[in-house]
Amino acid sequence: GGDFVYATGPYLAGDWANQFGTLSPYGILNLRTSYDITPYLQLYALIENVTNTRARSFGTFFETNAINFVNFYNPKMVSVGPPTAFYAGMKWNFDAEPTGLMAWAPN
């Protein structure tokens, strides 16, 4: 399975008159799958941000002269979302009803 999240770009925090426009809209695609090996054991995998979208979900302003030894010229500051991430693992279900050969195992 998977999901696609689309978000329109927000205005920068502190831009009360909306003079600087919005951040870019973005879409993020996530995919996931799983396979039940037994009623107790499941393998799963997940890929987040499949297309490696550089999502900017928040922005604000800062004082460009706040750090004396660096010459900043753009007062905008944005947070960038995480890059593509891969996850895999397995789950053990302690509450599964035994089936097949497992049903014959002694308690």
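Search the range 6-34 for residues that are free of Cβ contacts under 8 Å to residues at least 60 places away in the same chain and under 20 Å from Gly81 (Cα atoms) and pair each with any residue that is of a type in the set (Asp, Glu) and surrounded by fewer than 12 Cβ atoms within 10 Å (Cβ to Cβ) when their beta-carbon atoms are under 9 Å apart and the residues are at least 6 apart or on different chains.
That search, which allows pairs on different chains as well, returns Ile28/Asp3; Leu29/Asp3; Asn30/Asp3; Leu31/Asp3; Arg32/Asp3.
Just give me the residues in the range 28-41 being at pLDDT below 95 and surrounded by 12 or more Cβ atoms within 10 Å (Cβ to Cβ), in sequence order. Write out each step before concluding.
Looking only at the range 28-41, we keep the residues that are at pLDDT below 95, and these are 36-41.
If the condition is that a residue be at pLDDT below 95 and surrounded by 12 or more Cβ atoms within 10 Å (Cβ to Cβ), then Asp36, Thr38, Pro39, Tyr40, Leu41 are the ones that fit.
May I ask you to list the residues in the range 51-76 that are aliphatic (A, V, I, L, M) and within 15 Å of Ile28 (Cα to Cα)? Even if it seems obvious, please write down each step before you answer.
Filtering the range 51-76 for residues aliphatic (A, V, I, L, M) gives 55, 66-67, 70.
The one that is aliphatic (A, V, I, L, M) and within 15 Å of Ile28 (Cα to Cα): Ala55.
For Leu46, indicate whether it is among the aliphatic types (A, V, I, L, M), farther than 16 Å from Asp3 by Cα and either modelled with pLDDT under 80 or surrounded by 13 or more Cβ atoms within 10 Å (Cβ to Cβ) (or both). Write out each step before concluding.
Details: among the aliphatic types (A, V, I, L, M): yes; farther than 16 Å from Asp3 by Cα: no; either modelled with pLDDT under 80 or surrounded by 13 or more Cβ atoms within 10 Å (Cβ to Cβ) (or both): yes.
So Leu46 does not fit the description; no.
The values are calculated or read from the model by the stated rules, or taken from the named source; none is laboratory data. If you're wondering where the values come from, they're calculated on a predicted model, not measured in any experiment. Ideal geometry is used to build each Cβ from the backbone, glycine not excepted, and the neighbour counts take in all protein chains shown.
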